[in-house]
Amino acid sequence: RAGMAAALLLLLLLLAACPGPGRAGAGRERRDTLREELLLSPLPTGDVAATFQFRTRWDADLQRGAVSHYRLFPKALGRLVAALGVRELHLALTQGFWRTRVWGQPPLQAPAGAELWVWFQPAVTDVDKAWKELSNILSGIFCASLNFIDSTNTVIPTASFKPLGLANGTDHHLLRYAVLPREVVCTENLTPWKKLLPCGSKAGLAVLLKAERLFHSSYHSQAVHIRPVCRDASCMAVSWELRQTLTVVFDVFSSGQGKKDWSLFKMFSRTLTDACPLASQSKVYVDISPKNKEKELLEVTPPPTSVHEAVVQGDKKTYAVYDLLSPLLFNTSRSLNVQLKWKRPQDSSEMPIPVLHAQRYVGGYGLQTGEICTLIYNTHPYRAFPVILLETVPWYLRLYVHTLTIITKGKENKPSYIHYQPAQDRRRPHLLEMLIQLPANSVTKITIQFERALLKWTEYPPDPNHGFYVGSSVLSALVPSVIPMKDVDVEQSPLFTSLFPSSDGSSYFVRLYTEPLLVNLPTPDFSMPYNVICLTCTVVAVCYGSFYNLLTRTFHVEEPSRGGLAKRLANVIRKLRGVPLL
């Protein structure tokens, strides 16, 4: 009886500890959610931009380290954030360059190569040690060369990179920023990125991520963003948000007919069959915004489930929305193949010009000195606005700060704020930050001269004549909006509206990157050591071989022999014939 009573008491305790079905469902719903979105944007040049976003939100406190169970949030990234005291993490791997002047403002641009910037918690005592350990771990997770990030390519910006999530303070000593412009992005980087998705690449929008098609494109960029956000409107609790984004630009212009028709199957060689079972939202947005006041140019099939209008980056957009969780979407067909056709050819004069764009190049001649030129364009007809310019130059390009000139409309433009940190040879790069006012409808030219350093022969790469890469410049600005932006629910807005929310309805935040530079340095003739080595080895081999042969050879004197049996028989025959003997 005592055993039965103990078993009954244990059963009652287990039933009391287990929550009911309603409470369990509410707990799971509150803990973590997944939203997946795809934005298809036809570009003015006939190309098509496809932007994926997978947003995982987790109501947990990673900093306390009390989390032991991971459901949707990747465990590798969660433990990394908790162990190293990371407050924000932003990683981008990009192949190609986003042509802002031709393609327009991107949803979220990244420089060519690899970019990593991280905000650490104030409790981290040795930020440099945590930064080095973090880059090494991320290098292993994403199969990238992030382990080459060191003090020679790491800077501490003061104004360009502010926290995108919740932040108690903005002590810039807790920030680290680095760029590897020579990093090559390939399938080995995409595969671990897809493995971090809750459904992988087996269901949902991720089935379109076919490496063969993604890397056969003009531009490819994949990124990971981790930040703390408010759990609700009161912001009494903190949640962690992971955004995995991927942007790809396809060149699908149909030659000969002047049409730019495209479809999901034409771009990805696949179609959509279902949504990710773990996703609470799965939508496809197609930008069908008219380019002028005339009749709409675009026609989409099949008909969308709804139409959404919003003001994105100062421009009014109209989106055709396909909700993959809607039961009406897959009633007529088992797959979704969105097709877009142009009703009439688009005139090249209708291409919109971005309000803010820039370009960068290297000037000068010879291999001793040079000049870095940056052109910043403000095409707004009547509004001026400031822009923050960040320049990171390697130590082997020795800048002459006294040659810095800023010219706008033929006049000198003095920066409102300037921060310069000189480089140290083989220790740290140059850092230059400036706050520049851009007048309306103007072009601002920024030039600074430099001198090329002569490296040690062991510091040159295997292909020194290819040149040395210089990272892109970073432009950060609040661009005035032509159309007033209304306050909308950021959770319902498509894509990156919630990543850079507008502080007011008159402006929106833009971060742009210029082209990376390729600079030639004085390079010694590496063929001369090869010639010297070959000649020296030949001389040494001949001389040493001759002396060694003379010193080790043994000479023997051979006495002449009388001959063998054959010689004797020949002499007998010759003697009988009267011929002289041998």
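The values are calculated or read from the model by the stated rules, or taken from the named source; none is laboratory data. Note that the structure is predicted; figures quoted are calculated from it, not measured. Every residue, glycine as well, gets a Cβ built from its backbone with ideal geometry; the counts of neighbours run over all protein chains shown. Heads up: the accessible areas ignore ligands, DNA and RNA and are worked out on the full protein's heavy atoms, side chains in. Shrake-Rupley method; radii C 1.70, N 1.55, O 1.52, S 1.80 Å.
The figures follow:
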read-out: In the range 497-554, the residues that are outside any loop (DSSP other than H, G, I, E, B), hydroxyl-bearing (Ser, Thr, Tyr), under 30 Å from Gly314 (Cα atoms) and modelled with pLDDT of 90 or more; value: Tyr513
read-out: Test: residue in the range 248-261 that is at pLDDT 80 or above, closer than 30 Å to Glu115 by Cα and out of contact with any strand residue (DSSP E or B) (no Cβ under 7 Å at 6 or more places or on another chain); value: yes
read-out: Pick from the range 305-345, criterion within 32 Å of the chain's Cα centre (by Cα) and outside any strand (DSSP E or B), ranking: modelled with the lowest pLDDT; value: Gly314
read-out: Boolean, Ala237 is of a type in the set (Gly, Ala, Ser) and open to solvent by 10 Å² or more (accessible area, probe 1.4 Å); value: yes
read-out: The range 282-304, subset under 32 Å from the mean Cα position of the chain (by Cα) and aliphatic (A, V, I, L, M), residue modelled with the lowest pLDDT; value: Leu298
read-out: Qualifying residue in the range 355-370 (condition: under 27 Å from the mean Cα position of the chain (by Cα), under 30 Å from Leu455 (Cα atoms) and among the hydrophobic types (A, V, I, L, M, F, W, C)); value: yes
read-out: Given (1) at pLDDT below 90; (2) open to solvent by 50 Å² or more (accessible area, probe 1.4 Å); (3) not small (Gly, Ala, Ser), number of the condition Tyr361 does not satisfy; value: (1)
